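Read the structure below first, then the notes.
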Amino acid sequence: ILDRRQLLLDCCFLPFTPNKKNMRSFTIALSVLFVAQPTLVNAFSWHQGRVGSLARGGRTVLRIATTEGNVAKPEKPTSSSGVSESSIPEPGADENDIFQCDESVDFWRNFQRAGLESTEQNLRAVPAVASSFVGKGPNAISYWVRHVGRSAYFAGNAVLGNIGFDLHERLVNGDKNNGAQSSILPINMQSSTASRLVLEALLCYEQDYKEIEAGTYREPWDMQLNHRQSSPINFLTQTGRFVEEAVGTLGRRKRGKEEDKQIWISNDATPGLYPDYYRNAFHYQTDGWMSKKSADVYETSTETLFLGRQDAMQRISLKPLVELSKKLKAEGRPMRVLEVACGTGRFMTFVRDNLPLDTEYTALDLSPYYLDAARENDKYWRRTRKSAEKGNGVPMEISPAKIVQAQAENLPFASESFDAVVCVYLFHELPRDVRATAASEMARVVAPGGTVVLTDSIQRGDRPVLDSAIGNFGNFNEPYYVDYTQD
């Protein structure tokens, strides 16, 4: 859920203008999840908000997660390039006047807005978050313990990946200084930044659990003790994969050569299937999206990047889907869901676990390697859920998700084929014109009264204190990120 309300206004409302042939009312849910930190290039944080809505042009736009509220904008400094920051669009702030924002919007916009706090100040705030779980009983404590442990594991991965890269540069490449690397923290991260990322992760968990406690969505199905990800063998395997990937990723980023930004597949081999923008090693990751090795390490890499809170951030997308499912259940028909850019399918399992089990789910991606991982994740979830239902005395069959390889901007489905379309973490990796086309396609395939959920990065104005560095993620071979933050 791209914190892109402007994306919808600029890219969606124009192609979606109602006419005699196409008069529909659908919901577009937007969420602000990604924030780049100001104190260090390529240090990241993601946050959640709640719900706001606006009736516009015959449609209801539902904004789920943001990080800012309706407060006065500070005066803008001049950027390092000499361009006045006041001349750079701030869609995150400018659009609040046309949205009814949830209270969490103000919370994240104003979080440390007066100035990023010190390590000591960040750590002093942790006990208050912990106590909010302790006072809620055993279920809350169980959630807290598991998620704190989760963050600790992925934080450990980050440190090991950084150490591995440093050793590789010194011992293999003979770089004794390794770019003046002086900290075990990734990319020389300051302790104040690291402690803030930890605090923000814990606050994200607090928000996630409030939704679970309120019955908005179910407790994460992967919290079960017998889940395969809890195996020590899995921990060791995924850590090994991540460290190897970190050495390659950080090395390619350090070099920054054009060949490090390319992948092995060419348009000549598959004409028209993989667009030019797609044949890019996003994040400098191995093979971009085009190998099993990339798919095998992806979930661990992204969770390490976000200290284990990626699942919690994405779960905010469940809210409008669950609400719609209740409406359709009352009508007595199964829900039809399309997920665009499903990746490895991990989020798909959380969606399916919270919707009626007769939901007809279609998962679409352009990478055959990631689609294969999605098929496996779906298979494992179905087996686990069927076992749980059988244990509750309700044995039943759950149909597998339909797996489709296709482009987001050219969906191979008839108009009005789905009740809901969900798209997570895609739009910031699309060129501006493709974002518009993809949004239009999602609106085309959703049925009247349906829901479109876009989950992605915040933009300028969502957290003013971070605006000066929000574009830093573009330095990690994200060529479309900067203009995305300003759309």
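The values are calculated or read from the model by the stated rules, or taken from the named source; none is laboratory data. These numbers come from a predicted model, not from an experiment. Cβ coordinates were reconstructed from backbone atoms using ideal geometry, including for glycine residues, and neighbour counts include every protein chain displayed. Please note that ligands, DNA and RNA were not included when accessible areas were found on the heavy atoms of the full protein model with its side chains. Shrake-Rupley method; radii C 1.70, N 1.55, O 1.52, S 1.80 Å.
Between residues in the range 132-155 that are over 21 Å from GLU299 (Cα atoms) and residues that are open to solvent by 60 Å² or more (accessible area, probe 1.4 Å) and charged (D, E, K, R), which pairs lie under 8 Å by C-beta distance while being six or more apart or on different chains?
What qualifies is LYS136/GLU213; ASN139/GLU219; ALA140/GLU213.
Restricting to the range 410-461, name every residue that is part of a strand (DSSP E or B) and touching a Cys at 6+ places or on another chain (Cβ under 6 Å).
Let us first name the residues in the range 410-461 that are part of a strand (DSSP E or B), namely 418-424, 446-457.
LEU454 - this is the single residue of the range 410-461 that is part of a strand (DSSP E or B) and touching a Cys at 6+ places or on another chain (Cβ under 6 Å).
Any idea which of (1) under 13 Å from PHE154 (Cα atoms); (2) without any contact (Cβ under 8 Å) to a residue 24 or more places away in the chain is the one PRO232 doesn't satisfy?
The number of the failed condition is (1).
Take LYS379 and decide whether it is touching a Ser or Thr at 6+ places or on another chain (Cβ under 6 Å), over 20 Å from ASN280 (Cα atoms), surrounded by fewer than 16 Cβ atoms within 10 Å (Cβ to Cβ) and not hydroxyl-bearing (Ser, Thr, Tyr). Lay out the reasoning, then the answer.
Working: touching a Ser or Thr at 6+ places or on another chain (Cβ under 6 Å): no; over 20 Å from ASN280 (Cα atoms): yes; surrounded by fewer than 16 Cβ atoms within 10 Å (Cβ to Cβ): yes; not hydroxyl-bearing (Ser, Thr, Tyr): yes.
When the stated conditions are applied, LYS379 does not pass them.
Of ASP483, ASP487, which residue is in contact with a helix residue (DSSP H, G or I) (Cβ under 7 Å, 6 or more places away or on another chain), of a type outside the set (Phe, Trp, Tyr) and open to solvent by 30 Å² or more (accessible area, probe 1.4 Å)? Give the derivation first.
Details: ASP487 fails: open to solvent by 30 Å² or more (accessible area, probe 1.4 Å).
ASP483 is the lone residue from the list that is in contact with a helix residue (DSSP H, G or I) (Cβ under 7 Å, 6 or more places away or on another chain), of a type outside the set (Phe, Trp, Tyr) and open to solvent by 30 Å² or more (accessible area, probe 1.4 Å).
Take LEU371 and decide whether it is hydrophobic (A, V, I, L, M, F, W, C), surrounded by 18 or more Cβ atoms within 10 Å (Cβ to Cβ) and out of contact with any helix residue (DSSP H, G or I) (no Cβ under 6 Å at 6 or more places or on another chain).
Yes: the conditions hold for LEU371.
Just one of the numbered conditions (1) touching a Pro at 6+ places or on another chain (Cβ under 8 Å); (2) in a helix (DSSP H, G or I) is not true of GLN314; which one?
(1)
Going by what's in this entry, would GLU389 be described as more than 24 Å from the chain's Cα centre (by Cα), surrounded by fewer than 21 Cβ atoms within 10 Å (Cβ to Cβ) and either over 23 Å from GLN229 (Cα atoms) or of a type in the set (Val, Ile, Thr) (or both)? Don't jump to the end; show me each part of the working.
Numbers: more than 24 Å from the chain's Cα centre (by Cα): yes; surrounded by fewer than 21 Cβ atoms within 10 Å (Cβ to Cβ): yes; either over 23 Å from GLN229 (Cα atoms) or of a type in the set (Val, Ile, Thr) (or both): no.
Criteria not met by GLU389.
May I ask you to list the residues in the range 417-446 that are under 25 Å from PRO334 (Cα atoms), without any contact (Cβ under 8 Å) to a residue 40 or more places away in the chain and either of a type outside the set (D, E, K, R) or out of contact with any Leu (no Cβ under 7 Å at 6 or more places or on another chain) (or both)? Lay out the reasoning, then the answer.
Our first condition is that a residue be under 25 Å from PRO334 (Cα atoms); within the range 417-446, this holds for 417-424, 439-446.
Next cut, without any contact (Cβ under 8 Å) to a residue 40 or more places away in the chain only: 441, 444.
Scanning the range 417-446 gives a single hit, ARG444.
For the subset of the range 430-471 comprising residues that are charged (D, E, K, R) and within 24 Å of ILE88 (Cα to Cα), which member is surrounded by the most Cβ atoms within 10 Å (Cβ to Cβ)?
In the first step, residues of the range 430-471 are kept if they are charged (D, E, K, R); the result is 432-433, 435, 441, 444, 456, 460, 462-463, 467.
Filter once more, keeping what is within 24 Å of ILE88 (Cα to Cα): 432-433, 435, 456, 460, 462-463, 467.
Values: ARG432: 15, ASP433: 11, ARG435: 28, ASP456: 26, ARG460: 24, ASP462: 34, ARG463: 29, ASP467: 26.
Checking each candidate, the answer is ASP462.
From the list VAL243, VAL247, exactly one residue is touching a His at 6+ places or on another chain (Cβ under 6 Å) and open to solvent by 20 Å² or more (accessible area, probe 1.4 Å). Which is it?
Values: VAL243 fails: touching a His at 6+ places or on another chain (Cβ under 6 Å).
Going through VAL243, VAL247 in turn, the sole match is VAL247.
Output the number of residues of the range 89-115 satisfying the condition of being part of a helix (DSSP H, G or I), open to solvent by 60 Å² or more (accessible area, probe 1.4 Å) and modelled with pLDDT of 75 or more.
3
I'd like the residue in the range 257-295 that is aromatic (Phe, Trp, Tyr) and part of a loop (DSSP other than H, G, I, E, B) and, out of all such residues, is least open to solvent (accessible area, probe 1.4 Å). Give the steps one after another, and end with the answer.
Initial filter on the range 257-295 (aromatic (Phe, Trp, Tyr)): 264, 274, 277-278, 282, 284, 289.
From what's left, part of a loop (DSSP other than H, G, I, E, B): 264, 274, 289.
Values: TRP264: 147, TYR274: 12, TRP289: 30 Å².
It comes out as TYR274.
Give the residue, chosen from ARG196, ARG218, ARG228, ARG255, that is under 30 Å from ASN173 (Cβ atoms) and either under 24 Å from the mean Cα position of the chain (by Cα) or not acidic (Asp, Glu) (or both). First the steps, then the outcome.
On the way: ARG196 fails: under 30 Å from ASN173 (Cβ atoms); ARG218 fails: under 30 Å from ASN173 (Cβ atoms); ARG228 fails: under 30 Å from ASN173 (Cβ atoms).
Exactly one residue qualifies, and that residue is ARG255.
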